[in-house]
Amino acid sequence: MPALDDVGLQEIPARAEEIARLVGERESVWVRGPAGSGRSTLVDELLRCEPELAVVRTPPLVLDGPAHLLLQILGAAGGEQAKRHARDSGASLRARLKAPLERLLGRCKGLVLVLSPGWVASTDHVGSNARDELAHARQRAGELLHEILGKARLVVITDAAWTWPRRKGSPHVVELSPARAPQTFLDREDVWGPLAEDARRLHAALGGRAAWLHPIALRIGVAATALGRTHQLRAFLPRKVARALEESETLASAHLLLETLAQSVPDLRRALLRLSRARFDIPRGLLDALIASEDSAIRDVVRHCLTYGETDRRVAVPLRRVAGAGRGPELETARQEAHACLHDHYLSLDGASRVEDALPRALNWLERLHHGMRAGGERLDEVRRVDLGCRELYWSLGRSLSRAGRFRDAAEVFGRCLARIDAQDPYAHHYLAFNLDQAGVEPQAVERHYRRALELERDNAWWSSRWITWLIDRGRPREAGIAWESALEQLDPSGVRLQADSWLAYHLHRWVIRAALEHDQLALARSALESLPRNVVEQEPEIAALAARIEIAEFIDRHGHALHPDTVPLEHWWTRPQHLPLEDGGEPLEAWYPGRVTRTEPLELVLGDPEAGQRGEPRILGLQLAAGFRIAGDLAVGEGQFVYAARYRGGDWIIFPIPGEPVSEETLSDARRMVRYLLRTR
Amino acid sequence: MPLPAALDRRLLHLFVYGPGYGEGIAVALPGAGWLIVDGCRTPGDAALPLVDLLDTFLETDEAVDALLLTHPHDDHFHGFTDVLHEFLPHRVGLVTGGIGLEPLARALAEQLAQQDAARDAERGRAGGVAAVLNAIDDTWLRRPESRLELYDGVVVPTSSPHTWVTVRAPAPHEVVELVNGHAAVVAKRLRQRANELSAVIEIEFGATRVVLGGDLPTLRSSGQAVPSGWGSVMPRRPELGAHCALKLPHHTSLEAFHPELHSTREVSDRAWVATPWSRGRGLPRTEPQQGLARLLEREPEVLLTGLPLATEVQARLPGGRVSLSDLHRRVVASRTNDWTLIDLTAEPGTAGERMWAVAFDDAGAIVQRWPGDQALRVVAS
């Protein structure tokens, strides 16, 4: 293994000693540093200096994050009180944390809290308008951090973007710098194993330039060189890789290099995706199991370049970002396989069936649940049988089932959360309704729970938007209109929020406009759009697109027909399309008309008059053709098809069909959603 | 002539609205109770004539007995859910043939998907139909007693002791034949032929018979007979030809003509009322041998709520009375000077202006007619 000096972390032991001394003096310390600055190494060194420190590591913040933090602290605190507080009985998170935290700090020399990205220290900017699971997680994580951050003998380790809340005192700040490794690091055979020759080639290509580089950049460089060789990719010849690494002193160019590499080598993205499912360091054996199905070139790159750590292996945050960019069925399978592998590993470490029994090994228990929920199949069902005890875990399980399309099961989980944890939990009420709605069953229960969530949290824009769109969908436009007015009154009575930023427009107005458009409620769509400041409409491309759709829908309402596919904004309806030929057989274009086929035998068209349209006085024309026309490309035209009808001097009409797309299963599935309750009527 | 401030509830009042695209009918039943069939609104504004009418004339202690959707076409549903939720009709009906909403929903989903694949801005209308079906389903679930699946022979209960309201078409097996099958096939079938599902409603009040013909055709445009059409209905229910009022089926199209339904008048007075359809080439057609001309061979006048033409062409016709030839001249004059292109531009009137109301006693006599400001009487000459 490389010595710390080799990778530029030689300052870490001294830093650790200083921090241990401060904690011994009942001080608080905040350590901040970017990826690759040695934060994990610092924790190891801290424990070497002071073995009686308790260490709590959080996962990246998602729904189960607050439960992770709470249960790990309860587990470290131990005792009957901690067991009692492990189960969510409706008390606040802070109330459940308070006494066990005191006990923990009384039993050990200090608490080291390693916060992953996404954790915020205050609820100030989250508010109760939390839209989705991340916002909810942030809100509840903020509650816990609020209780923890005021304590003495605390070491908080974060990334460079995190900020310490001003109201929580002034800790000693320790800044860690990005590590720098010398180029000679590339010559260490013990580091690069079978890729040693690639590392040497990269070293040679770098020459004397960029003598010191970030260790992660060097790892990515070797990975690119190695895969360039094995996959015969000229874009990743050593000199090209070396140039990419030289171009920036930060990690940005290395990230770009990795992204380009992942695009060229899909197997690499799949492997990264598998790796990045692990939220904590994993043993080497588990790493091997995760990538067992990848070919040997990829396995070598993963082992020697994309994971690091002296005992367990970890994946750097920047690599996770690249992994997260992939989509598609094959990647989804890889994702589930990785979660299954990780689930089985953590299950072997903790098979507790209820939260109280899991406390001593809370992290393992929580990771087992996290991965089981995402693995799907039997493992997901195994998690369903666990007595979860915390609302975050019910929420997380419910959302996982929902994402798997198991809406009734998801609804059952949210119902259990209400019955066992807190009957006044707006999140559970809302998602119980949402999942029943997705399943297209029990509309009365859907209505009851949507209403209840809103009663409990009136200023939640997301709850309002779902409720209003549900009413539109169920053919209750008047009630939707009333609910809409009420939501605006509640959320932004003076219009200040809409002026401040586009958050509310994006999460409320956008959905209401879309639902109203889809259900022919043009007045509501127009009214919702008109309530937005012009700059918001212009700034948000999706809202601007909806505004264009409203204009088209109003034209259809007024004049009876669409004359172009909805991809053509109304303002371009009367402009001759570029691809329409200006002459045919040497004869110039005399007239053209956009429109669509209303009947095929004989051919009948409804067309728009571009000249009248340009004058702002749209005119709809009818054309019946039994003879004297031809269809461009000898294509067939179908009823409803959009066309351009063109006439060239002295010639016949020429009809230019605009091809539609075939109906995909996804499109059909979206359409079925609109009548989902009816499809279940028996 | 404006509607009276109050209705004489000893009579049966028929209100037919047709602003240009869409058709809504209200019947104030003698004694008490209302029947609402389909719905319409004026494009560009939110005015809902049937809601306004009920707001004006529905007594405090009176109910809407039934709200019926004759068929799931997008020119018949506007305002349907408003009546549904504001007036809570005792019965809510839709043609299903007795097999529920699912087959219709499957076809509708397929239709929506096909429109989406065409990148079709008109799919909002099909979405509107979906919302109406959802609303009907919702109502049937919440108030099971409101469920009324329409087909031949179904009696619509009313609060009027003097009146019988009965569905006369289509027969259950005809509905099943139309809506069963592969969803994509049914979707295509219904897109072209949803009118063939249209319910026909008969209202009997003493000797007075009112027939609401929906959009039911007799023939397809190909000339082929429609199995569920008037050719099926009239042999089964020949008495429908002996009516005092007929809401003319399918906006007077030639394809909806049937000699026994459009019978020669046997009573002293009767009312044939029609609404326009301002899409494509539009209805009614005014050319010789087309729908209006055929009708006027058998009835001296046709009451039109409006025309599918620019407002300035049809507005303020003297006394609202116009001969077919004059009307045809106006239509031709409104069209383009291009030798092949026809101007189909139509402007809607306001919903309240394009209306006919007719009151009947129980002896089969028309007591009063009230035209909206833009309504017409079309006569042969």
Of all residues in region B:255-291 being at pLDDT 95 or above and in a helix (DSSP H, G or I), which is farthest from the other protein chains (Cβ to nearest Cβ)? B:A256
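Matching residues to (1) at pLDDT 90 or above; (2) among the aliphatic types (A, V, I, L, M); (3) touching a Leu at 6+ places or on another chain (Cβ under 6 Å):
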| position | (1), (2), (3) |
| --- | --- |
| A:W192 | yes, no, no |
| A:A196 | yes, yes, no |
| A:R209 | no, no, no |
| A:W212 | no, no, no |
Considering each of A:E554, A:E542 in turn, give the residue that is under 16 Å from B:P43 (Cβ atoms) and out of contact with any strand residue (DSSP E or B) (no Cβ under 8 Å at 6 or more places or on another chain). A:E554
So in region B:21-67, with the set limited to residues that are touching a Cys at 6+ places or on another chain (Cβ under 9 Å) and not aliphatic (A, V, I, L, M), which one is nearest to the other protein chains (Cβ to nearest Cβ)? B:Y21
Picking from B:S160, B:S228, B:S221, which residue would you name as being part of a loop (DSSP other than H, G, I, E, B), surrounded by fewer than 24 Cβ atoms within 10 Å (Cβ to Cβ), away from every other protein chain (no Cβ under 14 Å) and touching a residue at least 24 places away in the same chain (Cβ under 8 Å)? B:S160
Under the condition of being within 12 Å of chain B (Cβ to nearest Cβ) and not in a strand (DSSP E or B), which residue from region A:570-598 is farthest from the chain's Cα centre (by Cα)? A:W573
Residues of region A:144-158 being surrounded by fewer than 18 Cβ atoms within 10 Å (Cβ to Cβ) and under 29 Å from A:Y308 (Cβ atoms), in sequence order, are none
Consider region A:165-182. How many of its residues are surrounded by fewer than 21 Cβ atoms within 10 Å (Cβ to Cβ) and either touching a helix residue (DSSP H, G or I) at 6+ places or on another chain (Cβ under 6 Å) or modelled with pLDDT of 90 or more (or both)? 5
Would it be correct to say that B:V175 is at pLDDT below 95, more than 14 Å from every other protein chain (Cβ to nearest Cβ) and crowded, with 24+ Cβ neighbours inside 10 Å? yes
Subset of region B:99-155, residues under 19 Å from B:V185 (Cβ atoms), free of Cβ contacts under 8 Å to residues at least 12 places away in the same chain and surrounded by 23 or more Cβ atoms within 10 Å (Cβ to Cβ), comes to B:A113, B:Q115, B:A118
What number of residues within region B:73-88 satisfy the criterion of being within 11 Å of chain A (Cβ to nearest Cβ) and over 11 Å from the mean Cα position of the chain (by Cα)? 10
Pick from region A:209-268, criterion in contact with an Asp or Glu (Cβ under 7 Å, 6 or more places away or on another chain) and within 13 Å of A:A181 (Cβ to Cβ), ranking: surrounded by the most Cβ atoms within 10 Å (Cβ to Cβ): A:V222
Mind listing whichever residues of region A:434-473 are basic (K, R) and under 20 Å from A:R510 (Cβ atoms)? A:R466
Do any residues in region A:599-626 that are at the interface with chain B (Cβ under 9 Å from one of its Cβ atoms) and touching a residue at least 60 places away in the same chain (Cβ under 8 Å) have Cβ atoms under 9 Å from those of residues that are of a type in the set (G, A, S) and assigned to a strand (DSSP E or B), where the two are at least six apart or on different chains, and which pairs are they? A:P618/A:G608; A:I620/A:G595; A:I620/A:G608
Looking across region A:377-410 at residues that are free of Cβ contacts under 8 Å to residues at least 60 places away in the same chain and assigned to a loop (DSSP other than H, G, I, E, B), the single one that is surrounded by the fewest Cβ atoms within 10 Å (Cβ to Cβ) is A:R385
Heads up, the helices (runs of 4 or more DSSP H) in region A:213-322 (entirely inside) with at least 3 residues that are within 14 Å of A:A338 (Cβ to Cβ) are A:266-276, A:284-290
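Look at region B:362-378 and say how many of its residues are touching a helix residue (DSSP H, G or I) at 6+ places or on another chain (Cβ under 7 Å), hydrophobic (A, V, I, L, M, F, W, C) and assigned to a strand (DSSP E or B). Steps first, please.
First, the residues of region B:362-378 that are touching a helix residue (DSSP H, G or I) at 6+ places or on another chain (Cβ under 7 Å): B:371, B:374-378.
Next, from what is left, pick out any that are hydrophobic (A, V, I, L, M, F, W, C): B:375-376, B:378.
Next, only the ones that are assigned to a strand (DSSP E or B) stay: B:376, B:378.
Counting residues in region B:362-378 that are touching a helix residue (DSSP H, G or I) at 6+ places or on another chain (Cβ under 7 Å), hydrophobic (A, V, I, L, M, F, W, C) and assigned to a strand (DSSP E or B) gives 2.
What number of residues in region A:326-362 are of a type in the set (G, A, S), assigned to a helix (DSSP H, G or I) and farther than 18 Å from A:L69 by Cα?
4
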Filtering helices (runs of 4 or more DSSP H) wholly in region A:420-534 for at least 2 residues that are away from every other protein chain (no Cβ under 13 Å), crowded, with 20+ Cβ neighbours inside 10 Å and without any contact (Cβ under 8 Å) to a residue 24 or more places away in the chain gives A:443-456
Filter region A:654-682 down to residues that are at the interface with another protein chain (Cβ under 8 Å from one of its Cβ atoms) and not in a loop (DSSP other than H, G, I, E, B), then give me how many there are. 9
Consider A:G633 against the criteria (1) closer than 21 Å to A:T567 by Cβ; (2) more than 11 Å from chain B (Cβ to nearest Cβ); (3) within 44 Å of the chain's Cα centre (by Cα); (4) not in a strand (DSSP E or B): it satisfies all of them except one. Which criterion is unmet? (3)
I'd like to know if region B:120-141 contains one or more residues that are of a type in the set (D, E), facing chain A (nearest Cβ under 7 Å), assigned to a helix (DSSP H, G or I) and out of contact with any strand residue (DSSP E or B) (no Cβ under 7 Å at 6 or more places or on another chain). yes
Condition check: among the polar types (S, T, N, Q) and either within 29 Å of B:A47 (Cα to Cα) or within 9 Å of chain B (Cβ to nearest Cβ) (or both). Does A:T567 satisfy that? yes
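The values are calculated or read from the model by the stated rules, or taken from the named source; none is laboratory data. Computed from a prediction, not measured in an experiment: that's the story for all the values here. With ideal geometry, Cβ positions are generated from the backbone for all residues, glycine too; neighbour counts draw on all protein chains shown.
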